[in-house]
Structures are given as C-alpha cells and as structure tokens.
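Below is one structure, written out as structure tokens, with a few remarks after it.
FYI, it's all coordinate maths here, none of it is from the lab. In this text the structure is predicted, and so the values were computed from the model without any measurement. Cβ placement follows ideal geometry from the backbone for every residue including glycine, while neighbour counts extend to all protein chains displayed.
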C-alpha cells in the first residue's frame with residue numbers, strides 16, 4: 001500500500017507552532033512503513049533470593065535512550081490551539097520498555113489496515129516496538145514514567161531527521177484520523193473508559 005506525499009508543516013522540537021516552514025513528507029520505504037507495531041516479551045535468566053534477572057536485549061539495537069517524564073507529561077506537547085503533535089522517525093525503529101510508571105502511546109500509520117492505535121505500556125511489561133514511518137506521541141501517568149528505548153538507527157539517522165515534530169493541525173489526514181468523530185482507534189492494554197481525556201481532539205477544524 002503506497003503513501004501519497006502530503007504537504008506538511010515540519011517543526012523542530014520546541015519550535016513555535018506558527019513557524020512557516022513546510023516540506024513534502026513521504027515514506028521512503030513502503031514495505032517498512034507497512035510493518036505493524038509489536039509487543040515483545042523478554043526472558044528471565046536467573047533468580048536469587050528476592051532478586052530476578054531479565055535479558056531485555058533487542059537484537060540489532062545500536063542506540064540507547066533513557067526518557068524521563070516528570071508527572072503527566074505529553075511528548076511532544078500539544079500546540080497552543082490544542083492540536084496534537086507527533087514524532088515520526090524515518091530512519092529509526094523504537095523499542096520501548098517502561099522501567100517505572102506507565103505511559104500511553106498513540107500510534108498512527110496510514111499503511112496499516114487500521115491506521116490509529118492506542119497502546120498501554122506498563123512498568124516491567126512488554127517492549128513496544130514502533131516501526132519507522134509511524135506517527136507517535138505519548139502521555140505519562142500522573143506520577144510520571146521512565147522508559148528506556150533500545151533503538152535501531154540507520155547510519156543516515158540524525159537528531160534533526162528523527163526528532164522533527166509534526167503538527168496534526170497542518171496535516172489534514174492525520175487530524176481527521178484522530179478527531180473525536182473519526183473511526184475509533186484500536187486499543188491495546190486498556191479499556192475505552194480508561195483513556196484519559198482529551199484522548200480525541202474536540203475542537204472544530206480551523
């Protein structure tokens with residue numbers, strides 16, 4: 001399934017959402033973009049009194065990020081108008097394990113049969129693998145969270161290319177996939193009643 005290029009506004013992390021920069025976005029690898037996210041288990045390999053050892057190695061990982069959220073942080077933050085913003089890594093696969101607290105991930109990929117998924121990541125639970133080409137954002141529990149990412153980065157990946165922020169208010173297809181009147185997302189590890197508001201955008205289109 002191919003992806004038609006979409007005219008989007010690209011924002012650097014922390015940049016003003018009114019910035020007037022834009023670029024054509026498209027997946028460079030259609031097969032890679034169609035790969036679904038996964039929940040990956042890991043194995044215990046040793047027990048001692050009151051202590052357990054786990055092998056959490058992700059084959060192929062060549063980068064380690066430790067991401068701390070203080071309180072109910074949203075990453076990336078919403079715009080001043082309330083539009084959700086997303087990351088998308090063209091050259092990086094994320095492999096996320098919550099070490100403490102809980103975090104809820106919102107994933108959108110138009111190459112998937114169902115584009116919008118909401119995935120719950122609990123401390124010491126499975127590893128969430130997010131393939132390249134997937135829009136994603138996360139919201140931490142009120143007590144915050146600590147997550148390790150055992151990323152798989154391509155040689156061409158840079159901070160500038162992998163940590164751009166995509167404003168859904170500037171991408172009609174992304175906005176329409178996540179507004180409250182859109183088809184409901186598929187939920188993984190949480191109930192519909194357990195989604196903290198605002199889980200879907202409520203405001204009228206600009």
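Which of the three applies to the range 122-184, rounded, prolate or oblate, going by the alpha-carbon gyration tensor with a ≥ b ≥ c and a/c under 1.5 meaning rounded? Oblate is the answer for the range 122-184, as a/c is 1.5 or above yet b/c matches or exceeds a/b.
In terms of surrounding Cβ atoms within a 10 Å radius of their Cβ, 154, 44 rank from fewest to most as 44, 154. Diffusion of the range 39-117 by Stokes-Einstein, at 20 °C in a medium of 1.002 mPa s and with Rh set to the Kirkwood radius over alpha-carbon pairs, works out to 133 µm²/s.
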